[in-house]
1. Tell me which of these A386 doesn't satisfy, since it passes every other one: (1) crowded, with 18+ Cβ neighbours inside 10 Å; (2) farther than 25 Å from G489 by Cα; (3) of a type in the set (G, A, S).
2. Name the pairs whose Cβ atoms lie under 7 Å apart, with the first residue in region 314-338 and under 10 Å from G72 (Cβ atoms), the second part of a loop (DSSP other than H, G, I, E, B), and 6 or more positions between them or separate chains?
3. Which one of A244, A166, A211 is touching a strand residue (DSSP E or B) at 6+ places or on another chain (Cβ under 7 Å), small (G, A, S) and over 30 Å from G458 (Cα atoms)?
4. If you scan region 472-487, which residues turn out to be closer than 19 Å to D354 by Cα and in a helix (DSSP H, G or I)?
5. Give the residues of region 287-333 that are more than 13 Å from H66 (Cα to Cα), more than 21 Å from the chain's Cα centre (by Cα) and not in a strand (DSSP E or B), sorted by residue number.
6. Would you be able to tell me the number of residues in region 113-134 that are in contact with a Ser or Thr (Cβ under 7 Å, 6 or more places away or on another chain) and either assigned to a helix (DSSP H, G or I) or of a type in the set (S, T, Y) (or both)?
7. Mind telling me which of the residues L455, L448 ends up being aliphatic (A, V, I, L, M) and assigned to a loop (DSSP other than H, G, I, E, B)?
Amino acid sequence: MNPFRPTTRFLHLAGFPLTAICLSLGLLAGCSKPKSDAADVIVLQSGRIRGNVYPSALQNLAPLQHYAYMAGYIKKVREEAAGTGAKVVVVDLGDSLGGSFASHATSSGNMVTFFNEAGYDFVVLGNLDNNIPAEAISRLTPKVLCPFAAPDGRPATAGTQFAARADLGGLPIEILANFYGDTPRESFPERFPTWFGATEGSVEPVRDYSAIVQKLGPRPPGALSLLTWMKFESPKDPPASFLAQLDKLGVNAILAHRVYSGGERDAWSEKTFHDWKPPVSENILRDNGGFTLARLDLKRDGNSWRVLSQQVLPMTANTAPADPALIQKIARFEEPIRHADKKLGELHDTVPEDQILAAYLTALTQIPGTQVAAYSRQSIRGEWPAGTLTASRVFNSLPWTTPLVQLTLTAPQLERLGKFNGMVILKQQNLPAGQPVVVTTSKFFASLLAQELKLPPGTIRDAAAGSEFDYFVSFLAKAPQPLPFGTPGGWIH
């Protein structure tokens, strides 16, 4: 049975926007906290930072830069814990190593520097981390975990683990990596990665943790076992069988992560998950903001643990002083980011998302062999404002580094591709009726189709055009002015 016994209710203070601080019951009780209730372990968790770590001089590219406060808060907590004897564990739950123009321009070097300098103990890969350079992962000093398995049963990314243990000043810590709880891929296939890095074949989310824990060997006495749960969507009812599996394995607590939109009125409700077994410490991010830390204070009680408090803290100057050493370390990435942010043209008017999609489909038609260009309008993430169009602005609307591929499809297979969420198809005129056609699209959509239709190996071929973003930037740099936003001649929707 699980020895974790929560005794304090997790409280999220109802409020809006995210800058409202969620107070724990420990804080509500006043400043005079009995020494016996001092935490033995403090767990700090971040998630979905999405590469948003820019030098201070480039805040015009990404104004919200709170990473220095995150590092400052981690340092502050460690200094306070040194005085009380508490141990501090710092974990990132995933989707953080990539996703920004800065991380793309530096091959995730900005995020490697952040995690190493801030002193993270564990970094987990999320579904959006499926194309992180292997060299970047090898330079991370935290242990790196992956919650997805390759067809051969190994972690989908080289240099990672499904689970890891570390000794933090005499405290044995065990981390198990998870994506989406026990949700089966078939329920939401578009939310799961179909490939990871150089992995060939479909990857699967880890669900059987008993074999993984067995491979770690006997658990050290007094160890704290934690499971990270990326894509926690506040289930109405606890997943009984999954939690029973974790309880049987001796998992003491779940570190969960949820993204909500600014339009969700109940996002800061008092509903919590501390009464689950194991209990949940949830980090809530608004609109992929990425700048909060969830804090879980634990007290050892004989052979068990109990919750003293759980908080969600926005990382601002009101929370902790910025870490000047980290600011200086990140400053060295200014030149490579500036160099990559090439000017691509001038826009007299704002370009909406549908016109960006039209331009991108036009770009795909230029890849040799293409008879059909296909892409989803939902993958375009923002308009281009009037003025100078730069590579960083293009990345903001098309932040994908997935390779472009080609595959030959029959008419029924092409029809199925067209039914994916928001998919738009551009075809050459006068294609022979009933004949297979060569389709150019992203590896993500091609992999989804191959998995759904059980297409044979080798169906998907590299288009020899690079990644989605890099190819589009190259196309725009060579395109005539004004940029082409209509359907090219000889092609029809």
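Just so it is clear, none of the values below were taken in a lab; they were calculated from the coordinates. The model shown is predicted, which means the values in this text are computed figures rather than measured ones. Virtual Cβ from ideal backbone geometry, glycine too; neighbours counted across all protein chains shown.
1. (1)
2. The qualifying pairs are M315/H66; M315/F291.
3. Numbers: A244 fails: touching a strand residue (DSSP E or B) at 6+ places or on another chain (Cβ under 7 Å); A211 fails: touching a strand residue (DSSP E or B) at 6+ places or on another chain (Cβ under 7 Å).
Testing whether each residue is touching a strand residue (DSSP E or B) at 6+ places or on another chain (Cβ under 7 Å), small (G, A, S) and over 30 Å from G458 (Cα atoms) leaves just A166.
4. The answer is F472, V473, F475, L476.
5. G302, N303, A325, Q328, K329, A331, R332, F333
6. At the first step, the residues of region 113-134 found to be in contact with a Ser or Thr (Cβ under 7 Å, 6 or more places away or on another chain) are 116, 124-125, 131-133.
Narrowing further to those that are either assigned to a helix (DSSP H, G or I) or of a type in the set (S, T, Y) (or both): 116.
Residues in region 113-134 being in contact with a Ser or Thr (Cβ under 7 Å, 6 or more places away or on another chain) and either assigned to a helix (DSSP H, G or I) or of a type in the set (S, T, Y) (or both): 1 in total.
7. Numbers: L448 fails: assigned to a loop (DSSP other than H, G, I, E, B).
Going through L455, L448 in turn, just one is aliphatic (A, V, I, L, M) and assigned to a loop (DSSP other than H, G, I, E, B): L455.
Residue by residue, here is whether (1) among the hydroxyl-bearing types (S, T, Y); (2) over 30 Å from L453 (Cβ atoms); (3) touching a Cys at 6+ places or on another chain (Cβ under 6 Å) holds:
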position: K342; (1), (2), (3): no, yes, no
position: Y360; (1), (2), (3): yes, no, no
position: P368; (1), (2), (3): no, no, no
position: S376; (1), (2), (3): yes, no, no
position: S379; (1), (2), (3): yes, no, no
position: R416; (1), (2), (3): no, no, no
